[in-house]
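**Student:** I am attaching a structure below and will ask some questions about it afterwards.
FYI, it's all coordinate maths here, none of it is from the lab. Owing to the predicted nature of the structure, the values given are computational and were not obtained by experimental measurement.
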Amino acid sequence: MPPGSSRAVTPLDDDDYPAYTMGRAADMLGATPAFLRALGEHRLITPLRSEGGHRRYSRYQLRIAARARELVDQGTPIEAACRIIVLEDQLEEAQRINEQMRTQGPEPQSKTSA
């Protein structure tokens, strides 16, 4: 629960909760189930599986799939779209770490006695 909140967090509050079936996810994206399977084949997203083995997608995964869909709609091959998204995410993480290190300043040098 968020601080100061008395409301319980439900699975639907969780961006990583696998709430959407493949059909529903495809409808939400305006894509086909084959498109979602292709994203999985290129390891951009890995949906969880229900007890019956059906793919289940989270809101976070759908946001990634929507980014891929935009690139593909602009003419980017799906393999390239997946790689672009992975590289963008890696760059964003590296920039976040660099900024964090910049704001913390250099670590103090330890004094060693000889």
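**Student:** State whether the stretch 51-96 is rounded, prolate or oblate according to the following rule on the C-alpha gyration tensor (a ≥ b ≥ c being the square roots of its eigenvalues): a/c under 1.5 gives rounded; otherwise a/b larger than b/c gives prolate, and the remaining case gives oblate.
**Tutor:** Oblate, because a/c is 1.5 or more while a/b does not exceed b/c.
**Student:** ³J(HN,Hα) across the stretch 49-55 via Karplus (A = 6.51, B = -1.76, C = 1.60, θ = phi - 60°), whole Hz, x for Gly/Pro?
**Tutor:** Result, ordered by residue: 10, 6, 4, x, x, 7, 5 Hz.
**Student:** Subtract the Cα-Cα distance of R24 and T76 from 0.36 nm times their separation in residues, and report this length gain in nm to one decimal.
**Tutor:** Working it through step by step, the gained length comes to 16.3 nm.
**Student:** Continuing with the same structure: Note down the relative contact order for the stretch 17-114 as a percent, whole number, built from C-alpha pairs under 8 angstrom at least six residues apart.
**Tutor:** 26
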